[in-house]
C-alpha cells in the first residue's frame, strides 16, 4: 500500500521538460558545466551534462565497475522484502523512471517483465533513503511489462511486450488506479515518450520488423493532461530506399532523412484476446521497419530511440520532420557500446544507453559532440541484462537493474535493483 502521507502532483515547470524529475534534475544541477564542442552527436541541451568521469575501478562486491568516488548499493532484490517497507520486490525488473516529490525526495517506478507483470514503486526521502514501497499496476491486470516512459503530466506509461500488448498509464504516487490505453495500439510495446509541445506520444515496438509509431490525441490539452482514449495512431515512413538506410557508412546514415506519418487503419486488430486482423505493424506496407525498437526519450525537440537488431541510436527531429542515426556500432572498430537497450537523456543532452548482451554489460553515454563516456560495467551477471536507467531528481544517484541478477538461471527467478551514488554531474 502507498504511504499514508499523500503526495500531491506538481505541475511541469518548463515546457521543454519531459517530466517533473527531468526539470528537478536540471534545477538541482544549475551551474554545472556542459561539454561544449561541435554538435555532431545528440541535439545537446541547456542543462547540465555528465561530469568528466575517470576510468572504471575493479569490480565491487556487486560485480559493478565504477569510476573512483562512486558507490553502489543493492536496494531491492527479487523475492525479498525491500528494507523499510512491506513490499516484496519483483523478479525481472525492467523499465524505470524517477518522479520528484514535494518533500525533496522522489519515487522510482519499475516494471516487471514477466507473467504476471505489473509495476512497483519505491519512495525515497531527500537523503536518498527508502521510506515506502507499493504497487501501482497489478500483475493480475497486465503481463510482460517491459519498458515505458514518463509524461509531462507526471505519470508512467508502461508497455506490455507481447503481440497483443497495450500501454498502461500508472500513477507513480499510488493515488490513482492504472488505466489501459488501447487507443495507443495493440502490438509488442517496448517504450514511449511524449512531446510536451503537442502531447503526442511516440512508441517503439520490439519486433525484428517492428515499426516506429506516434499517437496524436484528438484532445491534446497541451500544458495539461490529454485525453489518450481518442486519436490517431500513425506509423513512420522514412523517405529513402532501404539499402541507403541500412548502410554502415557513417557519412550516409548520420545525415537527416525526411519522414512522413501514415495513419494505421486498425490500431486494435483484436477480439476476445485473439488477433482477428492484420497485425498492427503490417497494416501500412510502405512504412519503415525498425529492427527491434527499444528505449525512447524526448529531449529538446528530438525523440531519441534505440534499435537493438542493428545496434543503433536514432534521433527524430520533430520540427524538421527528419530522422538520422547518431550511433551505430559499425562505425567503430572496437566499440565500447556494442549493444543498445533502454535509454535516458540528461538535461545537457547526454544519451545514456544500457546494454543487453551475454557477458559483461556496460552503461555508456553518447555526449552531444559524439564522444562516448563509459559510466559503469556489470560483471558476473552473464545471464542477465541491464535495465531501468534513471537519475534521481537531485542528480546524486543513478538507478539501474540487473534483470535476472547473478547466476539466476533464467527469467522469473531473480533480479537486483542498484542505487549508484556519486558526483555524476560534478
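Read the figures in this text as sums done on the coordinates, not as results from a lab. Not measured: the values here are computed from a predicted model. All Cβ positions, glycine included, derive from the backbone under ideal geometry; neighbour counts span all protein chains shown.
Below, the figures for the structure above:
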quantity	calculated
Inter-probe distance in nm under a simple model that places probes 7 Å from Cα toward Cβ, at residue 68 and residue 250	3.0 nm
Unit Cα scatterers, Debye sum, region 172-282: log10 I(q)/I(0) for q = 0.10, 0.13, 0.22, 0.24 Å⁻¹	-0.37, -0.61, -1.30, -1.41
Segments 271-280, 164-173, 334-343 sorted - mean Cβ within 10 Å per residue, highest first	164-173, 334-343, 271-280
Cα Rg over Rh - region 213-330, Kirkwood	1.00
Calculated log₁₀ intensity ratio I(q)/I(0) where the Debye formula runs over C-alpha points of region 298-426, q = 0.15 Å⁻¹	-0.73
Length gained when the stretch residue 218-residue 177 is fully extended (0.36 nm per residue, less Cα-Cα span)	12.5 nm
Whole-Å distance, taken between Cα centres, linking region 40-113 and region 146-219	22 Å
Candidates 286, 385, 113, ranked by Gaussian network fluctuation over the chain, Cα under 10 Å, top entry	286
Relative compactness, region 36-111, computed as alpha-carbon Rg over 2.2 N^0.38 Å	1.50
Cα-based convex hull volume of region 261-342 per residue, rounded to whole Å³	132 Å³
Contact order relative to length of region 20-421, as percent, for alpha carbon pairs under 8 angstrom and 6 or more apart	19 percent
Over region 173-217, relative contact order from alpha-carbon pairs under 8 Å, at least 6 apart, %	29 percent
Distance histogram in 20 Å bins (all Cα pairs of region 20-421, percent per bin)	30, 62, 9
Residue among 352, 82, 131 with the largest mean-square fluctuation in a Gaussian network model of the chain, springs linking Cα atoms under 10 Å	131
Region 150-236: equivalent-ellipsoid semi-axes (sqrt of 5 x gyration tensor eigenvalues, Cα, Å)	20, 16, 11
Label-point separation in nm, residue 84 to residue 338, each point 7 Å along Cα→Cβ	4.1 nm
Calculated [θ] (222 nm, deg cm²/dmol) that DSSP helices of n ≥ 4 give over the chain, each run adding -39,500 (n - 2.57)	-1000 deg cm²/dmol
Net lengthening on full extension, residue 261/residue 317 (0.36 nm per residue, minus Cα-Cα)	18.8 nm
Region 201-355: relative contact order in percent, alpha carbon pairs under 8 Å with at least 6 residues between	21 percent
